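See structure below.
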Amino acid sequence: MDSALIPEGVKRCSLGRFSVWILALTAILLWGVIAMLLCWFKGLNQTNMNDAYGFALWIWADLAVIALGGGAFFTGFLKYIVGKDELKNIINYAVIIGVICYTSALLLLAIDVGQPLRSWFIFWHANVHSMLTEVAFCLSCYLVVLIIEFLPLLFENPKLDKKPFLRHLSHNMHEIMAVFAATGAFLSFFHQGSLGGVAGVLFGRPFAFREGVFIWPWTFFLFTWSAAACGPCFTILITRLTEKVTNKKLVKDNVVDLLAKISGWMLGTYIIAKIFDTWYWAAYTLPKQGFSLIDFYSNNPFYGIWILVAEIVICGIIPAAILISSGGRKNKRLFMTAIILAVIGVCINRWVMVLQTMAAPVMTFEGWFMYYPSWQEVATTILPVAYGAIFISFAYRYLPIFPQERELNPID
Amino acid sequence: MSKGSKHKVKKFGMVIDLDKCTGCGACMVACMSENNVPFKENESKKLDSITWMRVYKLENGKSFPEADICFLPRPCMHCEGDRGHAPCVSVCPAIATDYDHNTGIVSQIYTRCFGCRYCMAACPYHARYFNWRDPVWPEGMEKFLNPNVSPRMRGVVEKCSFCHHRYQLALDKAYAEGRDKIEEDEYQTACAHACPANAITFGDLNNKKHSVYRLKKNPNTFRLLERLGTNPKVYYHSSREWVRRAGDNYLKHEAAKA
């Protein structure tokens, strides 16, 4: 029934089967939408946030999806600026994942603010000293760039491709895509960094505060670095997941191998910088403020030293070592373990920079603040996952996302 | 102000004598009443209660007969940070909170705030509060709200303003009387007025004639979390060493600030 919309030379499941899949995802989406509406109409009292936890699950999810969506800017940078041409076979998917991640981040932010209708104040009454202002500007601009990067792919839909204007527009946009990729890389450097700066500039919160260069705390650079390292890992993870669901090989191994190798080196160098940052923070920054490292990893029921080990060793050093080594990348099980660990690692980093920062006591006469999210927070955080899966499902069905699909899956 | 009035920068602040504070909570009540602070039907969950002024109970952790307690009232510290870059002011993305260089007061513009709560994350004193719900007062009580203070809507952050409206009223009165200065007792916060033990002293920290100028120089005076560089304008006084030490974080081998 929808065969006219399906790209030529590829096989897709029946419309009935596709509809059932979409309906299942829509049910999850609706659960999130209900929670979202509750938060908008009844207020943030629907959450388990409180005055100690002004930032909680949503801000973590924001930071995490933006880091994971970093695959779009870094893969674009490698393809268009560095000239790694093989990556043209995965760049479309990286862009789609980026669009999903960034629109999700904006949606979560729209739910998270107490007065959503005033959100435009951040642009109109912008405070140039605030990292959040920089985040808002760069993030919005970059989303526009991502949409521009996505449009040519959208216009390649068989139906749209028949319109001469759209076909020519798509062709011409492809020609100048390097300009957008460079713009995207520039904007991403700043907003990924600014998100690190959001935590790093909090000089009243010793757990998050970092010294740095000029106005930028070290977390500024670490966040950009880790997003560039782990974003592509997320792209690979979703690609492999899509292959599993569709039961097809969609991207050749050499493409994934190249992206994984670069990610491995990025992760390896990032983790060295992270170790140095942690050491400097523990040895110099914290003692000046009257704290020692262990103060932030003891006397509470959850945040032990294990979380630091998990972030740096298990989800940092180990996946970096696997991805850097040729043998590690060739062993499928080991490879996927490394990819998953890298993704978890960056999520742990964002978690601690948001939630552990809120949890740790600063005044001597206060204790740790513990928090668990309400179902409304959980549902609204799962909402983007369902939305992303629906977006990908439609994009995969109706757009030629994977240039190698036809070659890898010939139709008899 | 009359023409030709000499402009001098003020720096309003407090000195709270912790040896005098009995923990009666009159300052908290006065503050809530003066500033139209809303309350919940059930106030047992304190983490989302709004208390611009909050009294903490500190213990020295020792057993009888050395056990000792101290009550510590904590308003907004109106941090100066480095040249006005208070922890909360510099992070607000919409300039909804501002450092007034003429008074040293950190203000909150409720109609500008869009509720991102970054300022709350930045404040180490937990002095900032979010309106998690619509402000509702028991029937009839809304008639007794202070007309000089605007109630805040759901979804914005609020905090102690050093009763800034009282400063405005004092200025208006002085202007009407042809004066260009206000006296120390003409601008006092509600908490300072209400304290039965006279533990809270409020005034211009830059004015040698004001009590706070003298009190802040006492060697037993300290500020909370000074080492973080927040540069607060609320000073505390205690003759007890353990109380002074509780004001900041120190490594085990470190001595508290003299």
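The values are calculated or read from the model by the stated rules, or taken from the named source; none is laboratory data. The shown structure was predicted, so the numbers you read here are calculated from the model rather than taken from an experiment. Glycine also receives a Cβ, built like all others from the backbone with ideal geometry; neighbour counts cover every protein chain displayed.
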Region B:224-240, residues that are within 12 Å of chain A (Cβ to nearest Cβ), surrounded by fewer than 22 Cβ atoms within 10 Å (Cβ to Cβ) and touching a residue at least 24 places away in the same chain (Cβ under 8 Å): B:E226, B:G229, B:N231
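Every residue, every condition in (1) within 18 Å of the chain's Cα centre (by Cα); (2) under 20 Å from B:C27 (Cα atoms); (3) small (G, A, S), yes or no:
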position	(1), (2), (3)
B:F130	yes, no, no
B:V149	yes, yes, no
B:C160	yes, yes, no
B:A192	yes, yes, yes
B:T201	yes, yes, no
B:D204	yes, yes, no
B:V212	yes, yes, no
Number of positions in region B:81-112 that are more than 7 Å from chain A (Cβ to nearest Cβ) and in a loop (DSSP other than H, G, I, E, B): 14
Residues of region A:358-384 that turn out to be touching a helix residue (DSSP H, G or I) at 6+ places or on another chain (Cβ under 6 Å), part of a helix (DSSP H, G or I) and either buried (at least 21 other Cβ atoms within 10 Å of the Cβ) or without any contact (Cβ under 8 Å) to a residue 60 or more places away in the chain (or both), as a count: 7
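From the residues in region B:202-211 that are surrounded by fewer than 23 Cβ atoms within 10 Å (Cβ to Cβ) and not polar (S, T, N, Q), which one is nearest to B:L169 (Cα to Cα)? Spell out the reasoning first.
From region B:202-211, those surrounded by fewer than 23 Cβ atoms within 10 Å (Cβ to Cβ) are B:204-211; that's our starting set.
Subset that is not polar (S, T, N, Q): B:204-205, B:208-210.
Values: B:D204: 17, B:L205: 20, B:K208: 23, B:K209: 21, B:H210: 19 Å.
My answer is B:D204.
Step by step: first the residues of region B:44-72, then only those that are in a helix (DSSP H, G or I) and within 8 Å of another protein chain (Cβ to nearest Cβ), then the one that is farthest from B:R152 (Cα to Cα). Which residue is that? Spell out how you get there, then give the answer.
Taking region B:44-72 and keeping what is in a helix (DSSP H, G or I), we get B:46-48.
Within this subset, residues satisfying the condition of being within 8 Å of another protein chain (Cβ to nearest Cβ) are B:47-48.
Values: B:L47: 18, B:D48: 15 Å.
Of everything passing the filter in region B:44-72, B:L47 is farthest from B:R152 (Cα to Cα).
Could you tell me how many of the residues in region A:106-146 are of a type in the set (V, I, T) and facing another protein chain (nearest Cβ under 7 Å)? Talk me through it step by step, then tell me what you get.
From region A:106-146, those of a type in the set (V, I, T) are A:111, A:113, A:122, A:128, A:133, A:135, A:144-145; that's our starting set.
Checking which are facing another protein chain (nearest Cβ under 7 Å) leaves us with A:113, A:122, A:133.
Matching residues across region A:106-146 total 3.
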Helices (runs of 4 or more DSSP H) lying entirely in region A:66-138 (those with 2 or more residues that are in contact with a Phe, Trp or Tyr (Cβ under 7 Å, 6 or more places away or on another chain) and buried (at least 24 other Cβ atoms within 10 Å of the Cβ)): A:88-112
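Please tell me if A:G304 is in contact with a Phe, Trp or Tyr (Cβ under 6 Å, 6 or more places away or on another chain) and of a type outside the set (D, E, K, R).
Details: in contact with a Phe, Trp or Tyr (Cβ under 6 Å, 6 or more places away or on another chain): yes; of a type outside the set (D, E, K, R): yes.
Taking the combined requirement at face value, the residue satisfies it.
Could we say that A:A342 is farther than 21 Å from A:F223 by Cβ, of a type outside the set (S, T, Y) and assigned to a helix (DSSP H, G or I) here? Write out each step before concluding.
Working: farther than 21 Å from A:F223 by Cβ: no; of a type outside the set (S, T, Y): yes; assigned to a helix (DSSP H, G or I): yes.
Taking the combined requirement at face value, the residue does not satisfy it.
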Condition broken by B:S33, with the remaining ones in (1) over 30 Å from A:G197 (Cα atoms); (2) touching a residue at least 24 places away in the same chain (Cβ under 8 Å); (3) within 10 Å of chain A (Cβ to nearest Cβ) satisfied: (3)
Given (1) modelled with pLDDT of 95 or more; (2) closer than 24 Å to A:C347 by Cα; (3) not hydrophobic (A, V, I, L, M, F, W, C), number of the condition A:Q46 does not satisfy: (2)
Qualifying residue in region B:124-132 (condition: within 14 Å of chain A (Cβ to nearest Cβ), among the charged types (D, E, K, R) and closer than 30 Å to A:F207 by Cα): yes
Criterion (β-branched (V, I, T), closer than 30 Å to B:Y99 by Cβ and touching a Gly at 6+ places or on another chain (Cβ under 9 Å)) met by exactly one of A:V113, A:V99, A:V95: A:V113
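Being over 17 Å from the mean Cα position of the chain (by Cα), more than 14 Å from chain B (Cβ to nearest Cβ), of a type in the set (F, W, Y) and buried (at least 16 other Cβ atoms within 10 Å of the Cβ) is the requirement here; does A:F165 meet it? Can you show your working first?
On the way: over 17 Å from the mean Cα position of the chain (by Cα): yes; more than 14 Å from chain B (Cβ to nearest Cβ): yes; of a type in the set (F, W, Y): yes; buried (at least 16 other Cβ atoms within 10 Å of the Cβ): no.
Against the criterion (over 17 Å from the mean Cα position of the chain (by Cα), more than 14 Å from chain B (Cβ to nearest Cβ), of a type in the set (F, W, Y) and buried (at least 16 other Cβ atoms within 10 Å of the Cβ)), A:F165 does not qualify.
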